[in-house]
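Shown next, in structure tokens, is the structure this report addresses.
The values are calculated or read from the model by the stated rules, or taken from the named source; none is laboratory data. Bear in mind that the values here come from a model prediction, so they are computed numbers and not experimental data. Just so you know, the surface numbers come from the protein's heavy atoms only, side chains and all, with ligands and any DNA or RNA stripped out. Shrake-Rupley method; radii C 1.70, N 1.55, O 1.52, S 1.80 Å.
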Amino acid sequence: MRFASDPLDRAALLRRQAALRLGPDAPAGAAGLRAGYLLLRRARELELETAFSLPAASCLELNGWCSALIGAAAEVCPLPPASVRFCGWGEPLPVAGRSGLLEALVLQLVCNSLLYAGPRPNLELRLRAVGGCAHLIYADSGPGLAPDARPGFGFGAARAFARQGGGSFAVRAGGPGFACALSLPLYPALPLLAPPQAAELVADRFSPVYIHLAPRCILPE
């Protein structure tokens, strides 16, 4: 077999391997199902990494997109619904960026909380607008980020999204609790890309919600 050196070639190879585990002829069992989604997760990361240095492709309204992503995540997280909270802003928050990177930013933060913030963490994503900028603040009730922690794919997606939109991303080291903030200038004149619906994300077994949350979420049967 030819070794795939290009990231998109490797992603395609991983997707073919995932199809064998998730197709109708795949062996039954939760372990095989989760392994298939983890392959898709890595494939999606490789695909999105190629977009890290690209310019913004569209304008996204943060209230709609974040509400759908957090709402869908709350449906499939192994946590009480009240543990996953979203607090939107009363006015539109249009920002420039690529939808795939925003999905990765939000969902990888949720996944990290599920993996590292203890058995029953509280998660919250809040939106604010100050001085012509939108602010996305994410926090959980875990121990916080260790000073020597290595940044993962989610932080890379967050920094790429901020860079595309002309903003910034910062993470608080230490605890108590983990916290990070994304700040982006508002672009009210650009046409908006319609956000998904939370119910649609949950119903689609190949949605980014299952792919990014694959290590811990409740997977579709």
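Just a few scattered comments:
- If you sort Trp65, Trp89 by accessible surface, 1.4 Å probe, largest first, the order is Trp89, Trp65.
- Estimated [θ] at 222 nm from DSSP helical runs (n ≥ 4, -39500 (n - 2.57)) normalised by residues in the chain, nearest 500: -13000 deg cm²/dmol
- Spatially, the stretch 55-99 and the stretch 133-157 are offset by 16 Å when compared through their Cα centroids.
- 5 angstrom amide H check on Leu123, placed H, neighbours 5+ away: Val84, Arg85
- Axis of helix 30-49 versus longest Cα principal axis of the chain: the two differ by about 50°, to the nearest ten degrees.
- Exposure rank, largest accessible area first [Val95, Val171; 1.4 Å]: Val171, Val95
- Residue among Leu101, Leu115, Leu40 with the largest mean-square fluctuation in a Gaussian network model of the chain, springs linking Cα atoms under 10 Å: Leu115
- Length gained on full extension, Trp89 to Arg10: 24.5 nm, using 0.36 nm per residue less the C-alpha separation.
- The phi torsions of the stretch 92-108, fed into the Karplus equation with coefficients 6.51, -1.76 and 1.60 and a -60° offset, translate into couplings of x, 10, x, 10, 8, x, 9, 4, x, 6, 5, 4, 5, 4, 5, 6, 5 Hz, rounded to whole numbers, with Gly and Pro shown as x.
- Rounded to whole numbers, the Karplus 3J(HN,Hα) couplings from phi for the stretch 189-196 are 8, 7, x, 9, 8, 4, x, x Hz, using 6.51 cos²θ - 1.76 cosθ + 1.60 with θ = phi - 60°, and x at Gly and Pro.
- Figure note: Tyr187, Tyr37, Tyr116 ranked by solvent-accessible area, largest first, 1.4 Å probe, ligands and nucleic acids not counted: Tyr116, Tyr187, Tyr37.
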